[in-house]
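The values are calculated or read from the model by the stated rules, or taken from the named source; none is laboratory data. On a predicted model such as this, the values are computed, not experimentally measured, just so you know. In this analysis, Cβ positions are derived from the backbone assuming ideal geometry, glycine residues included, and neighbour counts consider all displayed protein chains. Side chains included, ligands, DNA and RNA excluded: accessible areas come from the protein's heavy atoms. Shrake-Rupley method; radii C 1.70, N 1.55, O 1.52, S 1.80 Å.
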Amino acid sequence: MQTGYLQVDRLSKRYGDLLLFDDITFGISQRQKTGLIAKNGAGKTTLMNIIAGKESADEGSVTFRNDLRVGYLEQSPCYPAELTVLETCFSSTNPVVRLIAEYEAAVASEDVQRLEALAVRMDSEKAWDCERRAKQILSQLKINCFDAKMGALSGGQVKRVALAHVLITEPELILLDEPTNHLDLEMIEWLEAYLNQSGAGLLMVTHDRYFLDRICNEIIEIDRHSLYRYRGNYSHYLEKREERLSADRAETERANNLLRRELEWMRRQPQARGTKAKYRIDAFYELEEKARRKQETGDMRLHVESAYIGSKIFEAIDVCKRFGQTRILDGFNYTFARYEKLGIVGSNGTGKSTFVKMLTGEISPDSGRFDIGETVRFGYYSQDGQAFDDNLKVIDAVQDIAEYVTLGNGRTLSASQFLSHFLFAPDRQHHFIHKLSGGEKRRLYLCTTLMRSPNFLVLDEPTNDLDIVTLNVLEEYLRSFKGCLIVVSHDRYFMDKVVDHILVFHGEANIQDFPGNYTQYREWKENADREKKKESAPEVRETPPVRPDRKEEKKLSYRERRELESLETEIAALEAEKTQLETALSSGNLSVDELTRQSTRIAEIIETVERKTDRWLELSEYE
């Protein structure tokens, strides 16, 4: 039987005249992994903040199981600038994590007496394992400078430290708001595996559809202020949501037909508006409201005319770029073809954004050049976003660019009509920009980028903070875009749908051109890695078929028997060394440096013993 962790009952929230959600109810149980989906501005982050206790609801309640450990990753976390990475990660109510934080503080202050006492407690609480695990999680998220001050980190690094902090505290319920933002593909796949193995309950907001599909066993959606639940992953959600919308469309059509008949009755029967027919008049107005209801499903139409583009696009000629000792490009040559759709992937810090900034002229190469065709008109959607004047209204920001947008074939749209296609309802267009959510500002930025009719789109992390509804339609637009395209993204689903080949930035100016999408590249890489492993293996043997009694059939080779004997000796020696170190740590005779060194050595011994014990168990099964 699953344990109930969280119950949200009849929750409602509005800001002034803007209703976000009304009377919504749902729960999260042990091992239940739920994805929260809604368009930008519908209240996803607000709901997460209410659950985490950072905002209050207008009505309803949020109830947790007693003594439940909850971890919350905010969309834009903020920490005191003077804290170090480790101090931030170990700021927790978890007693073991707090013990580690005390120990790290004692090391930093060189308080020998306190270190001795804490070392004993660290040993009794088995906190060395927790500290080692914390540093492993930070390393997986590519945070390797544990003493760095939070104020010196980039926004992406702060988000990754915040994610590490949540995971280190081992919560029973994890709340994640856009956890894949600022993670590269390698980190995303690591986090995917971590959450799949975790027994914690999970509620998360993310635009990464592969991530949702592979982790979540339930999807909840906020649509038109109400909440809908779908038992299953993202693929199941898409199927069932379409069934719901089809039923709603049929109901709306029936309401329209009935409304026409009732409207005729209302016009013919002015005398009936007395007591006898009042119920029918009331029903008429309810029916009118139902018939006017529109499905706000993100029906954007981005068929904006692009400017003519000639046959010459751009050519990279012997381009070199480095920052300090880090090489980005080294003698890079590339000829970009007309109507080419190129994806760029790679780990953070390998130079992806630098490459597109050199292409668009924001950064100059150290040597070499980009030879760009005369007809090329860039539309650059930057990872950093656009700095709008927050005191402007949405409609004014768009009209500053153009009053009308050309669609082609002599058709035009006014700025207001164009914004409507980007899910900005007429009343929302007259809101000040500072009132928009982060996702709505990104959508406005996308709107202003496309309305300039570019013929070469350069999109640097376009999926960050955009809702899934907007992404679906953007993908369809890009697939039919009559121009050139370069996309830098960590969103695997998005890349698979819009690009026809990719450049993989491996780091140190190593750039691989792969003829296919990301999933095809991943499959190719896994196969290549398997082949490489086989070639490097010292001994290759066919695995015999599995039979009921393998123990009798498999015998240890001479080499394996010697290895088993050696492991027994090595494990015993390591355990003896660990005992000696623990005794020394408790003696009170060690300096601060020696205490730190021996504490680190204990963590290494624990890890080595675990690894060697696993191998010993594997071999001893056949002895």
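For the subset of the stretch 14-53 comprising residues that are modelled with pLDDT of 90 or more, part of a strand (DSSP E or B) and over 22 Å from Ile468 (Cα atoms), which member is most open to solvent (accessible area, probe 1.4 Å)? Across the stretch 14-53, the extreme among qualifying residues is Arg14. Would you be able to say whether some residue in the stretch 389-403 is modelled with pLDDT under 90, open to solvent by 30 Å² or more (accessible area, probe 1.4 Å), of a type in the set (Gly, Ala, Ser) and not in a helix (DSSP H, G or I)? No: zero hits. In this structure, does Glu523 turn out to be at pLDDT 65 or above and touching a helix residue (DSSP H, G or I) at 6+ places or on another chain (Cβ under 7 Å)? No, not satisfied.
The requirement of being touching a residue at least 12 places away in the same chain (Cβ under 8 Å), open to solvent by less than 70 Å² (accessible area, probe 1.4 Å), part of a loop (DSSP other than H, G, I, E, B) and polar (S, T, N, Q) is satisfied by Ser92. When the stretch 56-84 is filtered for residues that are of a type in the set (A, V, I, L, M) and within 21 Å of the chain's Cα centre (by Cα), the ones remaining, listed by number, are Val70, Leu73.
One residue is enough: does the stretch 415-431 have a residue meeting the conditions assigned to a strand (DSSP E or B) and either surrounded by fewer than 22 Cβ atoms within 10 Å (Cβ to Cβ) or of a type outside the set (S, T, N, Q) (or both)?
No, the stretch 415-431 contains no residue that is assigned to a strand (DSSP E or B) and either surrounded by fewer than 22 Cβ atoms within 10 Å (Cβ to Cβ) or of a type outside the set (S, T, N, Q) (or both).
Can you say whether Lys321 is of a type in the set (Lys, Arg) and either open to solvent by 30 Å² or more (accessible area, probe 1.4 Å) or closer than 18 Å to Pro454 by Cα (or both), as far as the supplied structure shows?
On the way: of a type in the set (Lys, Arg): yes; either open to solvent by 30 Å² or more (accessible area, probe 1.4 Å) or closer than 18 Å to Pro454 by Cα (or both): no.
No; evaluated as a whole, the condition is false for this residue.
Answer yes if at least one residue in the stretch 176-184 is among the charged types (D, E, K, R) and part of a helix (DSSP H, G or I), and no otherwise.
No, that holds for no residue.
Report the residue count in the stretch 110-141 for those that are part of a helix (DSSP H, G or I), open to solvent by 10 Å² or more (accessible area, probe 1.4 Å) and either touching a Phe, Trp or Tyr at 6+ places or on another chain (Cβ under 6 Å) or farther than 20 Å from Ile605 by Cα (or both). So the answer is 5. Out of curiosity, is Pro171 modelled with pLDDT of 90 or more, assigned to a loop (DSSP other than H, G, I, E, B), in contact with a Gly (Cβ under 7 Å, 6 or more places away or on another chain) and under 18 Å from Met204 (Cβ atoms)? Considered against the rule, which asks whether it is modelled with pLDDT of 90 or more, assigned to a loop (DSSP other than H, G, I, E, B), in contact with a Gly (Cβ under 7 Å, 6 or more places away or on another chain) and under 18 Å from Met204 (Cβ atoms), Pro171 comes out as yes. Only residues that are part of a loop (DSSP other than H, G, I, E, B) and surrounded by fewer than 17 Cβ atoms within 10 Å (Cβ to Cβ) were counted across the stretch 367-376, and they come to 2.
Take Tyr79 and tell me if it is surrounded by 14 or more Cβ atoms within 10 Å (Cβ to Cβ) and either part of a strand (DSSP E or B) or among the polar types (S, T, N, Q) (or both).
no
Among residues belonging to the stretch 576-613 that are at pLDDT 75 or above and acidic (Asp, Glu), point out the one that is least open to solvent (accessible area, probe 1.4 Å). Among those residues, the one meeting the criterion is Glu577. Given the options Glu305, Glu296, name the one that is open to solvent by 20 Å² or more (accessible area, probe 1.4 Å), touching a Gly at 6+ places or on another chain (Cβ under 8 Å), at pLDDT below 95 and among the charged types (D, E, K, R). Going through Glu305, Glu296 in turn, just one is open to solvent by 20 Å² or more (accessible area, probe 1.4 Å), touching a Gly at 6+ places or on another chain (Cβ under 8 Å), at pLDDT below 95 and among the charged types (D, E, K, R): Glu305. Looking across the stretch 195-234, the residues that are open to solvent by less than 60 Å² (accessible area, probe 1.4 Å) and in a helix (DSSP H, G or I) come down to Leu195, Arg209, Tyr210, Phe211, Leu212, Asp213, Ile215, Tyr234. Counting only residues that are open to solvent by 10 Å² or more (accessible area, probe 1.4 Å) and part of a loop (DSSP other than H, G, I, E, B), the stretch 482-530 holds 8 of them. Scanning the stretch 112-146 for residues that are closer than 17 Å to Cys89 by Cα and out of contact with any Leu (no Cβ under 7 Å at 6 or more places or on another chain) yields a count of 16. Take Asn144 and decide whether it is open to solvent by 10 Å² or more (accessible area, probe 1.4 Å) and either among the small types (Gly, Ala, Ser) or modelled with pLDDT of 85 or more (or both). For Asn144, the condition - open to solvent by 10 Å² or more (accessible area, probe 1.4 Å) and either among the small types (Gly, Ala, Ser) or modelled with pLDDT of 85 or more (or both) - is met.
When the stretch 73-91 is examined, which residues are found to be among the polar types (S, T, N, Q) and in contact with a Gly (Cβ under 9 Å, 6 or more places away or on another chain)? Don't jump to the end; show me each part of the working.
Start the filter on the stretch 73-91 by keeping residues that are among the polar types (S, T, N, Q), which leaves 75-76, 84, 88, 91.
Selection gives Gln75, Ser76.
Residues to consider are Val85, Val97, Val70, Val8; find the one that is open to solvent by 50 Å² or more (accessible area, probe 1.4 Å) and touching a Phe, Trp or Tyr at 6+ places or on another chain (Cβ under 7 Å). The unique qualifying residue is Val70. For the stretch 466-481, a tally of residues being under 23 Å from Asp223 (Cα atoms) and either open to solvent by 40 Å² or more (accessible area, probe 1.4 Å) or not in a loop (DSSP other than H, G, I, E, B) (or both) returns 9. Considering only the stretch 155-183, state which residues are touching a Lys or Arg at 6+ places or on another chain (Cβ under 8 Å) and open to solvent by less than 10 Å² (accessible area, probe 1.4 Å). Answer for the stretch 155-183, where residues must be touching a Lys or Arg at 6+ places or on another chain (Cβ under 8 Å) and open to solvent by less than 10 Å² (accessible area, probe 1.4 Å): Ile168, Leu173, Asp177, Asn181, Leu183. So, of the residues in the stretch 347-366 that are of a type in the set (Gly, Ala, Ser) and within 18 Å of Ser382 (Cβ to Cβ), which turns out to be surrounded by the most Cβ atoms within 10 Å (Cβ to Cβ)? Across the stretch 347-366, the extreme among qualifying residues is Gly351.
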